[in-house]
1. Which residue, A:128, A:20, B:79, has the largest displacement toward the positive end of the dipole of the protein assembly as shown when charges sit on each Cβ (Lys, Arg +1; Asp, Glu -1)?
2. For the Cα atoms of chain A, what angle does the longest principal axis make with the long axis of helix A:240-254, in degrees from 0 to 90, nearest 10?
3. Between residue A:33 and residues 5 or more places away or on another chain, which pairs have amide H atoms under 5 Å apart, with H built 1.01 Å from N, and which residues are they?
4. A drop of at least 30 square angstrom in accessible area, chain alone versus all protein chains together, probe 1.4 Å. Which residues of segment A:73-98 meet that?
5. Residue A:74: which aspartates and glutamates have alpha carbons under 19 Å from its alpha carbon, excluding same-chain residues fewer than 8 sequence positions away?
6. Of A:83, A:64, A:99, which is farthest towards the positive pole of segment A:37-119's charge dipole, taken about the Cα centre with +1 and -1 on the beta-carbons of Lys, Arg and Asp, Glu respectively?
7. Within a Cβ distance under 11 Å of residue B:192, other residues only, what is the Lys/Arg minus Asp/Glu net charge?
8. Just give the residues from segment B:139-168 buried by at least 50 square angstrom of accessible area in the all-chains context relative to the isolated chain, probe 1.4 Å, and say none if nothing qualifies.
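The values are calculated or read from the model by the stated rules, or taken from the named source; none is laboratory data. What you see is a predicted model, and the numbers here were worked out from it, not measured in a lab. Every residue, glycine as well, gets a Cβ built from its backbone with ideal geometry; the counts of neighbours run over all protein chains shown. Areas reflect the complete protein model, heavy atoms only, side chains present, ligands, DNA and RNA absent. Shrake-Rupley method; radii C 1.70, N 1.55, O 1.52, S 1.80 Å.
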Amino acid sequence: MHDLVRPTLSAPIPSIGVRIEGARLTYGGVRLFDGLDFALEGGRCTCLLGPSGVGKTTLLRLIAGLADPEPPTKLIAEDGGPLEGRVAYMAQQDLLLPWLGALDNVLLGPRLRGEAIGAAVVDRARGLLDAVGLGDRLRARPSELSGGMRQRVALARTLMEDRPIVLMDEPFSALDAITRLRLQEMAARLLAGKTVLLVTHDPLEALRIGHRIHVMAGQPAEIGPAISPEGTPPRPPDDPALLARQAELLRRLAS
Amino acid sequence: MIGRVFRPMVTAVVLIAAWQALVWGTGVPRFILPDPAWVAVALYERAGTIGFHALFTIGEILGGLALGIVLGAVTALTLSYFRPARRWLMPVLVFSQAIPVFALAPLLVLWMGYGMASKIAMATLIIYFPVTSAFFDGLRRTEPGWLDLARTMGGSRWSTLLRIRLPAALPAFASGLRVATAVAPIGAVVGEWVGASAGLGYLMLHANGRMQVDLMFAALLTLAVISVALYFAVDALLRRALPWQPDKNPNDERD
């Protein structure tokens, strides 16, 4: 089954970088950020760390097209095309529909777009569930699955969209430590080659799966320079270099 | 399991005993309050008549239910899909509830005659609002995360309604249906009281006029059994149709 999946998973879709220029956000009369510039490198995983309420999620929602940009915010895909229709979104909650089984939840995107659900599409969905280790729970409803399993179905659903840009908003923060480590590894493996923005408040998570890590802090918020840890993700959580970096990141977050 | 059958039976026996004691204790004549045994005799001896009239009432209840549910569901969907409909129809709908439906019964009989049509209309009217408001409320309260997801997936408004908002609103719709099932018999019987040539309500009025209070009680009992049976049937059907709904409220058994 894995071999069946691999060609579709790692199909050479051209990676697209994304830039945000002069982003401004006013929320309840308070300027959360103003004149903010930020870039997602194409085909790389960018992690955005920061305390809650700093505007990370809003920034992600802006790119996802879920929040209307306040002028003069500019959103640019580096190949000049539109962002709409090229972004997949994964949230902290699994957002699985409780009345559908795992397979039908993964097939939600094609169904919503009114695409024909042929055998090839179903096979791909099956393959993705197989890749996240749930190939034997195709009919299981979300209520029959554990939190980690549900988030794995959500990951499969995100991959099913097959979009070049993937936006993840604290996707693993509701999970226990061990499950989280496993899922980070799985996500890093399956999302390789895509342009990923991962919003998180866990420095270790960022260090494990990010190519570039930014810290967002202050009011109005600013985004610090990129940290690029050595090695390729997913990095082992017990790497001493990584732990040293974690201490540094924690210091930056605390200041 | 035993408790579910045993407890209602004990309750019934106690109630019947209390009824009997009241008749013995006060010594009221049979044409004012017959004792349970006389009602049982009337039920047995006039079974044919009661059955004949019961069929009419059942037909009216089911007709009213079907019509009221369909109309209510269509209204709720229209209100939630079309913004202008919401603006223009909502006040009308709320205002219409200020008119006591029972006051319309004589008018309905005048317009639609003594047959079943006026009773079905009455039951429909009484069901319409609870179904509409419960379903509409359910359609409005869709989990915002699901709608975000649908938006990034490129789902149209229509397919989002069909695939997400509608199924998500089904539990709310179901509670509207339960209320409707409970009040539908009231509509039918009120219609029969105002003017009819058949039906349990008609039979009760008729028996009352001739001091056949035992027959009246027998008809009332039949009506109660029909209503309760209908309610439990609908409830069981809804539970089967919506298996992802948690069956029991964990707070139910606590106090």
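1. Checked the options; the winner is B:79.
2. 60
3. Amide H neighbours of residue A:33, under 5 Å, 5+ apart: A:25, A:221.
4. A:89, A:95, A:97, A:98
5. Those aspartates and glutamates meeting the cut-off are A:21, A:34, A:37, A:41, A:84, A:222.
6. A:99
7. 0
8. By number: B:146, B:148, B:149, B:151, B:152, B:153, B:163.
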